[in-house]
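Have a look at the structure below before the remarks.
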Amino acid sequence: MIIRKLRVNQGWTQQQLAQYSGLSIRTVQRIEKGQLPSEESAKCLGAVFHIEAQDILNFFTEHHAAPLIEAHQEDNDMKNLSLTLEEQQAMREVDELKGFYQHLLFYITIITTLWLINWYQGIDYWWAIWPTLGWGVGMVSHGLSAFKVFKLFGPEWERREINKRLRK
């Protein structure tokens, strides 16, 4: 996630980062998802972001950036190697919204195509209503989840349940 933060701070896409660093886009995607980069990949990313490759590797191996920031308190670039809980949560929420919007785009495209096929074949029986309704229920559910309309199983519920079980 730290590489994603650095990339987003620069306003780059994954494709742009891949071009600037000389890495493949698949490698960038894997590293952004938390896979340990090789030394060569860390050097490429370090050169692009103007940070030490070893600091990138340390972050990934330790999964905690506090020692890095303490060691380089005067270096503002090193502060970029930390992720607050709020940043991690925001990234997860953006991923959920992105997934919903992608799902919505597929829904609109495919359902529109099905209705056109149904119309072209004849309007004796409107069979396209069934996939529209069935998939639509899934879309509504996905939207409610992505936009956090109902927080039935949110952090507060989780905390209460954990405390309840710890008191037993």
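The values are calculated or read from the model by the stated rules, or taken from the named source; none is laboratory data. Only a predicted model underlies this, so the values are computations on that prediction, with no experimental measurement involved. For neighbour counting, all protein chains shown are included, and Cβ atoms are generated from backbone atoms with ideal geometry for every residue, glycine included.
Return the pairs, sorted by first residue and then second, in which the second residue is among the basic types (Lys, Arg) and part of a loop (DSSP other than H, G, I, E, B), the first residue lies in region 141-168 and is closer than 18 Å to Arg92 by Cβ, the beta carbons are less than 8 Å apart, and the residues are 6+ apart or on different chains.
Every condition considered, the pairs that remain are Gly154/Lys148; Trp157/Lys151.
Within region 135-155, work out how many residues are in a helix (DSSP H, G or I) and of a type outside the set (Val, Ile, Thr).
Going through region 135-155, the residues in a helix (DSSP H, G or I) turn out to be 135-146, 155.
Add one more test, that the residue is of a type outside the set (Val, Ile, Thr), and what stays is 135-136, 138-139, 141-146, 155.
Residues meeting the conditions: 11.
Quick check: is even one residue across region 128-150 within 30 Å of Phe49 (Cβ to Cβ) and either at pLDDT 95 or above or of a type in the set (A, V, I, L, M, F, W, C) (or both)? Full working, then the answer.
Of the residues in region 128-150, the ones within 30 Å of Phe49 (Cβ to Cβ) are none.
So far as region 128-150 goes, no, none of its residues is within 30 Å of Phe49 (Cβ to Cβ) and either at pLDDT 95 or above or of a type in the set (A, V, I, L, M, F, W, C) (or both).
Among the numbered criteria (1) assigned to a loop (DSSP other than H, G, I, E, B); (2) closer than 27 Å to Ile2 by Cβ; (3) over 18 Å from the mean Cα position of the chain (by Cα), which single criterion is violated by Glu158?
Evaluating Glu158 over (1) assigned to a loop (DSSP other than H, G, I, E, B); (2) closer than 27 Å to Ile2 by Cβ; (3) over 18 Å from the mean Cα position of the chain (by Cα) leaves (1) as the failure.
Quick one: in region 80-107, which of the residues that are surrounded by 11 or more Cβ atoms within 10 Å (Cβ to Cβ) and aliphatic (A, V, I, L, M) is nearest to Lys33 (Cα to Cα)?
Met91
Please work out if Leu23 is more than 30 Å from Gly143 (Cβ to Cβ) and either surrounded by 16 or more Cβ atoms within 10 Å (Cβ to Cβ) or modelled with pLDDT under 90 (or both).
Numbers: more than 30 Å from Gly143 (Cβ to Cβ): yes; either surrounded by 16 or more Cβ atoms within 10 Å (Cβ to Cβ) or modelled with pLDDT under 90 (or both): yes.
When the stated conditions are applied, Leu23 passes them.
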